[in-house]
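A short reminder: the numbers here are calculations on the coordinates, not readings from a lab. Quick caveat, the model's predicted, so the values are computed rather than measured. Reconstructed Cβ throughout: ideal geometry from the backbone, glycine too, with neighbour counts over all protein chains shown.
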Amino acid sequence: MSAIPALGSLWRALGERRVTAVSVLVVMLAWVGATEGGLVDDLFLPSPSSLWDGFLDLVENGYKSRTIWEHAGLSLERVLSGFVTGALVGTFLGLAMGYNRKVEAFFSPLIEFLRPLPQLAYLVLLIVWFGIDETPQIILLFLTALPVSAIAAMDGVKGVSVLRMQAARSMGASEWQVFRYVVFPSALHEIFTGARLAVGVVYATLIAAEIIAGSTGLGWMILDAGRFLRSDYVFVGILAIGIMGLLLDRLLLAIEHRVVHWAGRD
Amino acid sequence: MSQDQFGVLDRRIFLKTALVSGAALTAGLPARSLLAAGKAPDTIRVGFFLETKPTMIAKGEGWFDKFAGGKCAWSEAGSGAEINTAMAAKSLDIGLAIGSSPTAAGISQKLPYQLVGMVDNIGPAEDMIVRKAANIKKPADFKGKKVATPFGSTSHFRLLGFLKVNNLTEKDVTVLDLRPDAEVAAWTRGDIDAAYVWSPAKAKMLAAGGESFPTYKELDAKGYVIADLIVAATAFSTAYPDAVTGFLRAYGNALEMWKTKPADAAAIVAKQAGVTPDVARHDMEEYDFVTLDHQLSGDWLGSPGKAGKFAEVLKRTADFLVVQKSIKAAPDLGSFQKAINTTFLAQAAKAKT
């Protein structure tokens, strides 16, 4: 009888952070329980200990003639190059599209077409056009980030209240001043959200990009290890990509909080 | 869609097995002979490659279905790794023409299948192509050059063997992981200097400023033999031994046709693979299609109870893959000998047409 209210107060006492901790703990326990007891074959799901061994092995000996840090560094370089260029161009394009209907009419079919296109579909074309160096990989990531950022920026501009723009104009602001001091700051929150989404999709596309001219990068490592069902390396690679993506996302969030400190205080 | 199909099939096999063993128990007979009596599976799930080989004759003419006694459900694989993955997931009954290096990896990882026959000895069919302009005349000339190959394939294994035999490392030579179609694209742009691959990519590069740089003889002599094999899921071959025998018999007939009527054979293969008969014939002439009888000799798989030399090839391949860190560990030679089951092959060879 008394167990139920006790559980209730326990539930209330649990902060969200603690709930997150419980969720992670449950997954970990299920993982250990399923693998260490030999219930699940290593091929399907490596145990935490074999994952740890795999990680140490990768750190010590690297993967196929490169250290794990080199692979991670190259991946990060590609992700950042593709993301920064794609997000910048996309944001400018989106701002212009949100501000001017003719610009929107011109670019939106291209962007709408590009956005849902699976990258693997044009992989060979990218090789034919740009070769097998870094260029086609970065272009692929650029093309992934661009539409996401553009649409976010466009929506941001469209969401700016007309009242505010009119107020600025009535006080004699020029078109540029309206854009610079009203439209852009108001859209900034959406732009950052778009950037965070873009990092996500760029990371998701990393494996496709690294198929192009393989033998380097975490995405390629996952792909190559998967060919021989080396689930330990695959999991280490997935965790590494996941953690790097999470850190980048947190970094963007921190920048956003600093830059757009007025967000949500309309 | 295929998932459902597989699920249904598994259940069907299970039911049948349960029924048969139930009957065996009541009749007081050994279950095994009765299991063999339930010899015709409804569907045989075959993973295959679309390629110019006699396998395509037996497929196109419906011989596999006819001799195995069941309808073959064909799924095209992109690589041996895909066949291994599907076998691990118990979604395939037979893997047709899987390369020796993925097979060695699969046996090492205790995938639930056995090696039951060979499609071919690859020989010169997979070899090095170099760009004439790159001026590569001897192995040392590969230093600083870019060589592409599909990673995880038999070609990759041979290429790494080539580097090792010639004291080259992946620091001297840039080895790139490219699918055959991507290799042709990169070759056309002049981005790679050489490639280790099979036709049609090989033929296209030869036609576009490439020349061959033969490596296979030396590598075969040094133990880097590569072959395409037939694997059968152990659960399937136990339940339907006659189907496996029939499958191999169908391939034996196709080999016979290629040997006696090459023009007719090439025409059928060409139609299946979507190339001209000339191309099909030329491609097939590069392979060494080992007859069923010869597969049973000590040079290759050996006969039941007497393992042939090929088990050593698999063992060496697996050891190499361990050094490459592709697989964790390789079992001893005995495990490879045990993974080769030639009983079906022996019966198929005896049965002849």
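Based on Cβ point charges of +1 for Lys and Arg and -1 for Asp and Glu, what charge dipole magnitude is obtained for the protein assembly as shown about its Cα centre, in debye rounded to the nearest 20?
With only Lys, Arg, Asp and Glu charged at Cβ, the dipole is about 580 debye.
Taking other C-beta atoms within 10 angstrom as a stand-in for reagent exposure, A:85, B:215, B:260, B:52 fall in the order B:260, A:85, B:215, B:52, fewest first.
D for the stretch A:157-252, whole µm²/s, Stokes-Einstein with Kirkwood Rh over alpha-carbon pairs at 4 °C and 1.567 mPa s: what number? It diffuses with D of about 79 µm²/s by this estimate.
Extent of the stretch B:92-149 along its three principal axes (Cα atoms, max minus min coordinate, largest first): 46, 22, 17 Å. A simple spin-label model places the labels of residue A:17 and residue A:166 4.6 nm from each other, with each point 7 Å out along Cα-to-Cβ. Evaluate the Kirkwood expression for the hydrodynamic radius of the stretch A:21-101, namely the inverse of the mean inverse distance over all pairs of different C-alpha atoms, and round to one decimal in Å. Radius from the Kirkwood sum: 16.7 Å. A crude spin-label estimate for the pair residue B:312 and residue A:204, with each label 7 Å from Cα along the Cβ direction, gives 5.3 nm. Computed over the Cα atoms of chain B, the ratio of the radius of gyration to the Kirkwood radius (Rg/Rh) comes to 0.99.
Per-residue 3J(HN,Hα) values for the stretch B:232-243, derived from phi via the Karplus relation 6.51 cos²θ - 1.76 cosθ + 1.60 with θ = phi - 60°, read 10, 4, 4, 4, 6, 5, 6, 6, 10, x, 5, 5 Hz in sequence order (x marks Gly and Pro).
Past the 30 Å Cα-Cα mark, which pairs from B:204/B:350; B:204/B:271; B:66/B:90; B:143/B:217; B:71/B:325; B:137/B:315?
Among B:204/B:350; B:204/B:271; B:66/B:90; B:143/B:217; B:71/B:325; B:137/B:315, the Cα-Cα distance tops 30 Å for B:204/B:350; B:71/B:325; B:137/B:315.
The P(r) of the stretch A:205-253 has a tail past 18 Å containing 33 percent of all C-alpha pairs. Near residue A:202: Cβ cut-off under 13 Å, other residues only, Lys/Arg at +1 and Asp/Glu at -1. The net charge is -1.
I'd like the projected area of the protein assembly as shown, averaged over all directions, using the convex hull of its alpha carbons. Report it in nm² with one decimal.
That works out to 38.1 nm², a quarter of the Cα hull's surface.
In plain terms, the residue of B:249, A:18 with the fewest other Cβ atoms within 10 Å comes first and the most crowded comes last, giving A:18, B:249. Quick one: net charge of residue B:48's neighbours, Cβ under 15 Å, K/R +1, D/E -1? Once positives and negatives cancel, what remains is -4. The distance between label points at residue A:52 and residue A:117 comes to 4.7 nm (points 7 Å beyond Cα on the Cα→Cβ vector).
Run lengths n ≥ 4 of DSSP H only: what is the helix-derived mean residue ellipticity at 222 nm for the protein assembly as shown, with -39500 (n - 2.57) per run over all residues, to the nearest 500?
Helix-only estimate at 222 nm: -19500 deg cm²/dmol.
Residues A:256, A:16 in ascending order of nearby Cβ atoms (within 10 Å, fewest first): A:16, A:256.
Amide H contacts of residue B:176: B:147, B:148, B:149, each under 5 Å away and 5 or more positions distant or on a separate chain (H built 1.01 Å from N in the peptide plane; Pro and chain starts excluded). Between residue B:300 and B:309, B:310, the built amide H atoms are under 5 Å apart, and every one of these is 5 or more places off in sequence or on another chain.
Coupling constants for the stretch B:247-261 follow from the phi torsions by the Karplus curve (6.51 cos²θ - 1.76 cosθ + 1.60, θ = phi - 60°), and in residue order they are 4, 5, 5, 4, 5, x, 5, 5, 4, 4, 5, 4, 6, 8, 10 Hz; glycine and proline get x. With just the Cα atoms defining each centre, how far is the stretch B:220-261 from the stretch A:173-248? Give it in Å. Cα centres, the stretch B:220-261 to the stretch A:173-248: 46 Å. Axis of helix A:16-36 versus longest Cα principal axis of chain A: the two differ by about 30°, to the nearest ten degrees. Residue B:170: net charge of surrounding residues, Cβ under 10 Å, Lys/Arg +1, Asp/Glu -1, itself excluded? Counting the neighbours of residue B:170, the net charge comes to +2. P(r) tail, the stretch A:56-259: Cα-Cα pairs separated by more than 32 Å, 27% of all pairs.
Whole-percent P(r), the stretch B:124-221, all Cα pairs, 5 Å bins from 0: 2, 15, 29, 28, 20, 5, 0.
Proximity of backbone amide H atoms, modeled 1.01 Å from N, is registered between residue B:98 and B:229, B:231 at under 5 Å, excluding neighbours fewer than 5 places apart on the same chain.
For chain B, a crude dipole built from +1 on the beta carbon of Lys and Arg and -1 on the beta carbon of Asp and Glu, taken about the Cα centre, is about 560 debye to the nearest 20. For the stretch B:129-135, 3J(HN,Hα) computed residue by residue from phi via the Karplus equation (6.51, -1.76, 1.60; θ = phi - 60°) reads 10, 10, 6, 3, 5, 6, 6 Hz, glycine and proline entered as x.
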